[in-house]
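Comments concern the structure below.
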Amino acid sequence: MAADRPANILADRAGLENGEIHVWNAPFKHDSDATGLALLLQPEERARAAAFAFDPDRRLYVHSQGVLRQVLSRSTGRGPGELVFEGSGGQKPRLRRRPDDGDLHFS
């Protein structure tokens, strides 16, 4: 796997039907290289990752955000790096909606 590309750890397409709930498991190895997944993150997410004091915590954050972006990308048809999250403070993040978006919720 090239370090400049995110790992392809998910199926090619995550089809969702109205009312369905999908649960994803993306195992994390503490010695994994998160460089490819970091390329998917928005600048705010990269800044948050850089603020972690310990490298394993930083890699876990990048891994989880990168995988979340891959999952949502397959559900929305948008590129992982194109997704924009909203919400601040104590709010749960949510995906900035487009007019053609379905009713997609994630946690």
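The values are calculated or read from the model by the stated rules, or taken from the named source; none is laboratory data. Quantities reported herein were computed from a predicted structural model and do not represent experimental measurements. Don't worry about glycine lacking a Cβ; one is built from the backbone with ideal geometry, like all the others, and counts go over all protein chains shown. The accessibility values were calculated without ligands, DNA or RNA, using every heavy atom of the protein model including side chains. Shrake-Rupley method; radii C 1.70, N 1.55, O 1.52, S 1.80 Å.
Restricting the first residue to the range 79-92 and requiring it to be farther than 11 Å from Gln42 by Cβ, which pairs with a second residue that is open to solvent by less than 50 Å² (accessible area, probe 1.4 Å) and at pLDDT 85 or above meet a Cβ separation below 8 Å and a spacing of at least six or different chains?
These pairs meet every condition: Gly79/Ser73.
In the range 32-52, which residue that is touching a residue at least 12 places away in the same chain (Cβ under 8 Å) and more than 25 Å from His22 (Cβ to Cβ) is most open to solvent (accessible area, probe 1.4 Å)?
Checking each candidate, the answer is Arg48.
Can you find a residue in the range 85-98 that is at pLDDT 85 or above and either closer than 20 Å to His22 by Cα or outside any helix (DSSP H, G or I) (or both)?
The answer is no; no qualifying residue exists.
Which residue is nearest to Pro93 (Cα to Cα), if the candidates are limited to the range 29-62 and must be in a helix (DSSP H, G or I) and in contact with a helix residue (DSSP H, G or I) (Cβ under 6 Å, 6 or more places away or on another chain)?
Here the residue is Glu45.
Restricting attention to the range 53-73, and to residues there that are open to solvent by 40 Å² or more (accessible area, probe 1.4 Å) and among the charged types (D, E, K, R), which single residue is farthest from His22 (Cα to Cα)?
Looking at the filtered set, the residue picked out is Asp55.
Please go through the range 69-87 and pick out each residue that is in contact with a strand residue (DSSP E or B) (Cβ under 7 Å, 6 or more places away or on another chain) and farther than 16 Å from Leu37 by Cα.
Phe85, Glu86, Gly87
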